[in-house]
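**Q** Got a structure for you, written out below as structure tokens; questions coming shortly.
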Amino acid sequence: MDAVFHHTTLCDLPPPLLHNHLLRSTDLKHANLSGLDLAGIDVSGVDLRGADLSGACLANATLVRADLRGAVLSQADLRGADLSGADLAGASLTGADLSHARLVGVGLRGAELSEAILTNANMEQADLTGACLEGAVMIAAQLSGAVMVGVALDGADLNGAVLVGADLRKAHLEGAELSEAVLLHADLDGAWLLAAQLQGVVLRRARWSVQTRWPCGFRPPA
């Protein structure tokens with residue numbers, strides 16, 4: 001039977017009791033945890049499907065292999081959090097701060113991350129198929145081996161990001177900042193890069209096709 005968590009009751013608990021209460025829970029589906037201070041909590045493997053964590057502080061929290069499908073984490077503070085192997089398919093992370101977060105192998109298919117901050121985040125092997133990261137700040141993010149088919153990155157800042165072997169087929173990167181980004185062995189077949197900033201970008205051994213759209217005047221290396 002699913003547990004029912006009342007937000008007013010949770011808000012009344014001091015942080016140590018709140019953490020202990022949540023740590024004893026394995027099923028937090030649809031729980032209202034919005035705005036709570038959950039910094040440093042370990043909810044690895046917990047079922048948080050559809051949970052409302054908007055505006056919550058989860059800095060340095062551990063959510064390894066947590067099920068966050070359809071969860072709401074808009075404006076949440078996830079700086080330094082470990083979400084390795086977590087499933088965030090269809091989750092909303094609009095404006096969330098994930099700088100320095102560990103997101104290795106995370107599932108973000110169809111997730112909403114517009115305006116999210118992912119500076120220095122480790123997203124290697126992440127699945128971002130169909131996700132929206134328009135206007136996201138991803139400076140120096142690690143995205144090697146990430147699956148980013150059809151991802152929306154229009155206006156995103158990927159300066160210095162590492163995308164070695166990333167699958168960017170049919171990705172939308174119009175107006176994106178990719179200066180000094182490393183796309184070694186990346187697949188850009190059908191990617192849309194009009195008006196993107198590509199100064200110093202590394203494209204050695206990357207793949208593209210006649211369907212790939214480059215900025216006006218830009219000539220990819222032969």
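**Q** Can you name the condition, by its number, that L188 falls short on among (1) in contact with a strand residue (DSSP E or B) (Cβ under 9 Å, 6 or more places away or on another chain); (2) of a type in the set (A, V, I, L, M); (3) without any contact (Cβ under 8 Å) to a residue 24 or more places away in the chain?
**A** Failing condition for L188: (3).
**Q** Next question. Restricting to the range 18-30, and then to whatever is of a type in the set (A, V, I, L, M) and touching a helix residue (DSSP H, G or I) at 6+ places or on another chain (Cβ under 8 Å), can you tell me which residue is modelled with the lowest pLDDT?
**A** Looking only at the range 18-30, we keep the residues that are of a type in the set (A, V, I, L, M), and these are 18, 22-23, 28.
Narrowing further to those that are touching a helix residue (DSSP H, G or I) at 6+ places or on another chain (Cβ under 8 Å): 18, 28.
Details: L18: 65, L28: 88.
So, considering only residues that are of a type in the set (A, V, I, L, M) and touching a helix residue (DSSP H, G or I) at 6+ places or on another chain (Cβ under 8 Å), the one modelled with the lowest pLDDT is L18.
**Q** Now, a different point. Name the residues in the range 191-212 that are under 18 Å from V162 (Cβ atoms) and either in a strand (DSSP E or B) or in contact with a helix residue (DSSP H, G or I) (Cβ under 7 Å, 6 or more places away or on another chain) (or both), would you?
**A** Just the residues of the range 191-212 that are under 18 Å from V162 (Cβ atoms), to begin with: 191, 193, 196-207.
Of everything in the range 191-212, those that are under 18 Å from V162 (Cβ atoms) and either in a strand (DSSP E or B) or in contact with a helix residue (DSSP H, G or I) (Cβ under 7 Å, 6 or more places away or on another chain) (or both) turn out to be Q197, V202, R207.
**Q** A further question follows. Determine which member of the set G80, G90 is assigned to a loop (DSSP other than H, G, I, E, B) and under 12 Å from the mean Cα position of the chain (by Cα).
**A** Values: G80 fails: under 12 Å from the mean Cα position of the chain (by Cα).
After applying the criteria, what remains is G90.
The values are calculated or read from the model by the stated rules, or taken from the named source; none is laboratory data. Worth saying up front: this structure is predicted, and the values here are computed from it rather than measured. No Cβ is skipped: glycine too gets one built from the backbone with ideal geometry, and neighbour counts run over all protein chains shown.
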